[in-house]
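Below: the structure, in structure tokens.
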């Protein structure tokens with residue numbers, strides 16, 4: 001089965017704290033893509049990252065970093081020194097057979 | 001970056017009427033577009049895959065006669081909710097595929 005699990009429903013942190021959002025996936029495919037999207041209160045989905053299953057290098061982009069571990073089927077997302085503007089729902093997604101399968105999302109609230 | 005525009009952002013309609021939602025890729029041509037539905041505080045559920053010049057492919061459980069999809073050009077796909085009922089009230093969001101999937105701003109439909 002193709003599935004994405006985001007076990008954390010809601011996370012609350014205080015500004016400047018680091019926070020990690022977990023994502024675990026299941027797939028039978030040998031080649032696949034993983035994504036993270038941000039959905040602010042306005043509703044649009046903002047693309048954050050795409051990772052190919054053959055590329056296990058961790059990636060850092062400013063305050064964002066991603067840890068892809070094929071051995072544990074996880075693709076976790078860390079925000080360093082969180083800010084109020086990071087408050088949003090974050091979705092992890094798996095591209096399988098031409099479709100995106102989304103996790104249930106993690107609502108992150110960053111308080112000042 | 002790739003820009004996808006969705007219109008309208010909000011619409012209120014009377015029960016029994018039809019509503020058309022447009023999804024445009026502004027700076028690229030998209031052979032494939034996708035339509036999702038999102039209930040409050042839930043994940044995105046794929047409704048259908050829209051292919052330019054051919055019939056849409058609907059996911060299991062989605063009524064094709066109720067949710068009409070037309071992808072008449074490489075930059076425009078439309079979703080028409082026919083004979084809308086209050087249970088059709090939801091957030092509808094489209095995406096257009098380039099190297100990744102780029103999402104529109106979403107449409108909040110309220111049927112009264």
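No lab work stands behind these numbers, since they all come straight from the coordinates. It should be emphasised that the depicted structure is a prediction, and the values quoted were computed from it without experimental measurement. All Cβ positions, glycine included, derive from the backbone under ideal geometry; neighbour counts span all protein chains shown.
Given points 7 Å out from each Cα along the Cα-Cβ axis, report the residue B:7 to residue A:71 separation in nanometres with one decimal.
Simple spin-label model gives 5.3 nm for this pair.
If you take each beta carbon of peptide A:41-50 and count the beta carbons of other chains within 10 angstrom, what is the mean?
Numbers: counts 0, 3, 12, 8, 12, 2, 7, 0, 1, 3.
Whole-number average of other-chain Cβ neighbours for A:41-50 is 5.
Taking springs between alpha-carbon atoms closer than 10 angstrom, which of B:90, B:50, B:25 fluctuates most in the Gaussian network model of chain B?
Result: B:90 has the largest fluctuation of those listed.
For a quick protection proxy, order the peptides B:41-47, A:52-58 by their average other-Cβ count within 10 Å, most packed first. Each step should come with its number before you reach the end.
Numbers: B:41-47: 17.9, A:52-58: 11.9.
Highest-to-lowest ranking by the protection proxy: B:41-47, A:52-58.
Please give the peptides B:66-78, B:2-14 ranked by average Cβ packing (other Cβ atoms within 10 Å per residue), highest first, as a rough proxy for protection. If you can, show how the numbers build up before the last one.
Details: B:66-78: 18.2, B:2-14: 15.5.
Packing order, densest peptide first, comes out as B:66-78, B:2-14.
Using only the Cα atoms, work out Rg/Rh for chain B, with Rh taken as the Kirkwood radius, to two decimals. Numbers along the way, then the final one.
On the way: Rg = 13.0 Å, Rh = 13.8 Å.
My calculation of the ratio gives 0.94.
If you take the square roots of the eigenvalues of the alpha-carbon gyration tensor of the stretch A:41-112 and sort them as a ≥ b ≥ c, do you get rounded (a/c under 1.5), prolate (a/b over b/c) or oblate?
Numbers: a/c = 2.22, a/b = 1.37, b/c = 1.62.
Oblate, since a/c reaches 1.5 and b/c is not below a/b.
Can you say what percent of the DSSP beta bridges in the protein assembly as shown, counting only those with both residues inside, are antiparallel? Round to 5.
Values: 72 of 81 bridges.
Counting DSSP beta bridges with both partners in the protein assembly as shown, the antiparallel share is about 90 percent.
Within a 10 angstrom radius of the beta carbon, how do A:29, B:101 rank from fewest other beta carbons to most?
Details: A:29 12, B:101 25.
Least crowded to most crowded, the residues run A:29, B:101.
In nm, to one decimal, how far is the residue A:17 label point from the residue A:1 one, both placed 7 Å along Cα→Cβ?
The modelled label-to-label distance comes out at 3.2 nm.
Shielding by partners for B:42-51, please: the mean number of other protein chain Cβ atoms within 10 Å of each residue's Cβ.
Details: counts 3, 10, 11, 2, 4, 0, 0, 2, 0, 0.
Partner-chain Cβ atoms within 10 Å, mean over residues of B:42-51: 3.
Taking each residue in A:100-111, count the Cβ atoms of any other chain within 10 Å of its Cβ, then average. What number comes out? Each step should come with its number before you reach the end.
Values: counts 9, 4, 7, 2, 4, 5, 0, 1, 0, 0, 0, 0.
Across the residues of A:100-111, the mean count of other-chain Cβ atoms within 10 Å is 3.
Can you work out the PRE-style zone for residue B:64? Point 7 Å along Cα to Cβ, and I want the residues of the stretch B:72-112 with backbone N under 19 Å.
Within reach of a label on residue B:64, which here means backbone N under 19 Å from a point 7 Å along Cα→Cβ, the stretch B:72-112 contributes B:72-73, B:77-83.
For the modelled label position 7 Å from the Cα of residue B:87 along Cα-to-Cβ, which residues of the stretch B:6-24 have backbone nitrogen atoms closer than 17 Å?
B:15-17
Could you tell me the calculated FRET efficiency between residue B:18 and residue A:109, based on Cβ-Cβ distance and R0 = 45 angstrom, to the nearest 0.05?
Working: r = 38 Å, r/R0 = 0.84.
It comes to 0.75.
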